[in-house]
Amino acid sequence: MRDMGWMVVVVLAAVLLSLYVTWTAGRVDRLHARAAAADAALDAHLVRRAAAAASLAEAAQHVPLMYAARIALDVPSQDREAAENDLTRQLRAVVAPDDPAFSAVISANRRVALARQVHTDVVRDALRARRRFTVRVLRLAVKHPVPTYFDIDDPTLDRAARPVTVLRKVRRSTDGAVPDASQPAPGHA
Amino acid sequence: MRIGIVCPYSLDVPGGVQNHVRDLAEALIGMGHSVSVLAPGEDDSGLPPYVVPAGRSVPVRYNGSVARLSFGPISATRVRRWLASGHFDVLHVHEPVTPSLSMLAVLSARGPVVATFHTAMTRSRTMAAVQGMLQLVLERITARIAVSDLARKVQVEHLGGSAWEIPNGVAIARFATATPLPGWPGPDGAIGFLGRYTEPRKGFDLLRTAWVRLASDRPGLRLLVAGPGEPEAALEGVPAALRDQIVLLGKVSETDKARMLRSVDCYVAPNTGGESFGMILTEAMAAGTPVVASDLDAFRRVLDAGRAGVLFPAGDADALARALATLLDSPKRRAALVERAAGVVSAYDWRVVAERVLEVYATAIEVEVGTVVTDEPDTGS
């Protein structure tokens with residue numbers, strides 16, 4: 001009788017544990033799929049912005065902007081962050097935020113900023129899941145490549161819209177450098 | 001686009017979040033989208049056709065006012081049924097980190113989920129204690145919106161994520177076309193104030209001091225006050241001769257608020273702090289009333305650094321009196337402010353704001369696979 005009781009407890013614990021592991025594995029897969037999709041979406045919006053900048057540069061015969069846009073489109077991935085920052089700087093020099101003539105590039109730029117912020121959030125969620133004990137011990141995340149942040153300056157063009165100085169609290173987490181998508185990096189805003 | 005919106009508070013009770021949800025839903029419907037709003041409530045009598053009631057709501061004291069929340073097995077079933085039958089492209093929940101219908105919806109849904117944070121709540125012990133559970137809610141959310149810079153900072157600091165700032169919208173036409181109250185503003189000038197005048201941070205005593213000073217040498221200058229509170233508290237320290245020039249409306253409806261704003265020559269926001277966005281300023285601007293406000297960051301931003309309204313140093317009654325005197329004496333200056341304010345406030349029109357919200361929907365849809373579905377427990381992925 002006592003053995004039966006133990007059996008029930010052991011079986012129940014095994015069932016609960018396997019349910020938990022299955023659930024966690026599903027959660028990890030989902031978060032990684034989302035991070036990969038966010039990567040693709042951000043890439044698409046960056047290409048759209050560079051294309052809009054290129055056609056603006058052509059119309060305005062603005063050579064530095066033209067170069068920045070071409071470089072952003074062609075650069076190898078390890079240099080992309082610097083190239084996109086450079087394109088943002090060129091756009092800031094050219095674009096008047098209230099002028100309807102620039103609405104295409106302003107809208108493409110805003111979508112980059114938004115896509116990049118969501119990208120940062122979903123990458124953070126995926127990385128956080130990877131650090132969980134169960135995930136590390138059972139190697140639930142090894143089949144997924146490690147998601148990485150896309151570390152560029154806040155690409156906002158409308159400098160007046162947001163204050164440059166923002167409270168910045170050091171978080172306890174072990175993420176290392178967590179770029180905050182919504183705040184301009186010091187020195188570039 | 002098929003959009004499912006969840007409002008945590010009952011729509012038959014007035015409130016900031018409820019007004020926001022209603023106006024957003026109507027703007028989106030006006031743009032040709034299909035919208036369903038799930039909100040606490042027992043039956044749909046008297047509710048707009050796009051609202052689906054989610055069951056009995058329980059009054060809960062929260063953030064200084066009584067909110068009616070739904071949370072429980074019946075609500076959970078209705079949430080699942082609504083999600084399953086809605087075939088939404090995107091789910092948009094409001095205030096999802098308090099135990100509410102919004103949280104239920106987030107926990108029951110898979111797919112593109114957008115959340116809007118309204119309150120700039122500060123970190124509480126409860127929140128710290130449930131951080132792990134909160135993470136389960138937060139990671140179901142694809143994209144986050146904050147209605148003010150303050151709400152956005154709370155996101156960054158307390159919830160460990162970022163948020164895209166989209167301000168509250170204003171139904172400009174509703175304010176611009178409201179009829180002034182009979183007899184207002186009158187030939188001798190009128191100044192307006194709206195808010196809880198007993199709350200020190202609203203700065204009503206500053207306005208009262210400034211007004212008493214002005215009214216002493218401007219016979220007939222009236223003060224129109226809307227907001228809850230004891231009449232004696234509003235009249236404290238006012239000379240008996242001037243008392244009948246202060247008109248108290250008490251708590252006003254949305255319609256009367258618009259009429260009240262159209263009934264004065266100047267609207268004053270003398271707040272000394274704590275204002276996260278300054279919704280009332282955009283409303284006064286939409287009503288075509290010149291605004292005088294303290295120079296808080298939020299007000300400064302809404303008033304385009306003083307170009308669309310007059311800013312005075314917060315807490316300085318003398319400066320406020322001087323600013324009001326200048327404005328009251330110069331119809332030309334008032335007209336110029338109103339014209340610039342109309343330009344500024346057009347960026348807050350619900351149509352413009354709804355376009356911004358749609359961009360966030362689009363981003364969330366790009367990042368998630370498929371449409372919104374109910375989360376079937378036990379299937380894992």
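The values are calculated or read from the model by the stated rules, or taken from the named source; none is laboratory data. Fair warning: this is a prediction, and the values are worked out from it, not measured in the lab. When we count neighbours, we look across all protein chains shown, and the Cβ atoms used for this are built from the backbone with ideal geometry, even at glycine.
Observations
- Selection status of B:Pro200, over 28 Å from B:Gly273 (Cα atoms) and either of a type outside the set (Lys, Arg) or away from chain A (no Cβ under 14 Å) (or both): no
- Only one of the listed residues (B:Phe204, B:Phe193) is within 30 Å of B:Ala347 (Cα to Cα), in contact with a helix residue (DSSP H, G or I) (Cβ under 6 Å, 6 or more places away or on another chain) and in contact (Cβ under 8 Å) with a residue 24 or more places away in the chain. That residue is B:Phe193.
- Residues being modelled with pLDDT of 90 or more and assigned to a helix (DSSP H, G or I) - total across the stretch B:288-317: 0
- Hits in the stretch A:93-150 - residues which are of a type in the set (Lys, Arg) and either more than 12 Å from every other protein chain (Cβ to nearest Cβ) or part of a loop (DSSP other than H, G, I, E, B) (or both): A:Arg130, A:Arg131, A:Arg132, A:Arg136, A:Arg139, A:Lys143
- Every residue from the stretch B:98-134 that is of a type in the set (S, T, N, Q) and at pLDDT below 85: B:Thr98, B:Ser100, B:Thr119, B:Thr122, B:Ser124, B:Thr126, B:Gln131
- Within the stretch B:5-55, tally of residues that are at pLDDT 85 or above, hydrophobic (A, V, I, L, M, F, W, C) and not in a strand (DSSP E or B): 9
- Hits in the stretch B:316-372 - residues which are more than 28 Å from the chain's Cα centre (by Cα), within 11 Å of another protein chain (Cβ to nearest Cβ), of a type in the set (A, V, I, L, M) and buried (at least 18 other Cβ atoms within 10 Å of the Cβ): B:Val367
- Identity of the residue in the stretch B:4-26, out of contact with any Gly (no Cβ under 7 Å at 6 or more places or on another chain) and more than 17 Å from B:Phe117 (Cα to Cα), that ends up surrounded by the most Cβ atoms within 10 Å (Cβ to Cβ): B:Glu26
- Residue in the stretch A:35-51 that is without any contact (Cβ under 8 Å) to a residue 60 or more places away in the chain, buried (at least 20 other Cβ atoms within 10 Å of the Cβ), more than 14 Å from every other protein chain (Cβ to nearest Cβ) and in a helix (DSSP H, G or I) present: yes
- Some residue of the stretch A:58-80 being within 21 Å of the chain's Cα centre (by Cα), closer than 21 Å to B:Val367 by Cβ, more than 14 Å from chain B (Cβ to nearest Cβ) and surrounded by fewer than 14 Cβ atoms within 10 Å (Cβ to Cβ): yes
- The set of residues in the stretch B:148-182 being in a loop (DSSP other than H, G, I, E, B) and either in contact with a strand residue (DSSP E or B) (Cβ under 9 Å, 6 or more places away or on another chain) or at pLDDT below 85 (or both) consists of B:Ser148, B:Gly160, B:Gly161, B:Ser162, B:Ala163, B:Ile166, B:Gly169, B:Ala171, B:Leu181.
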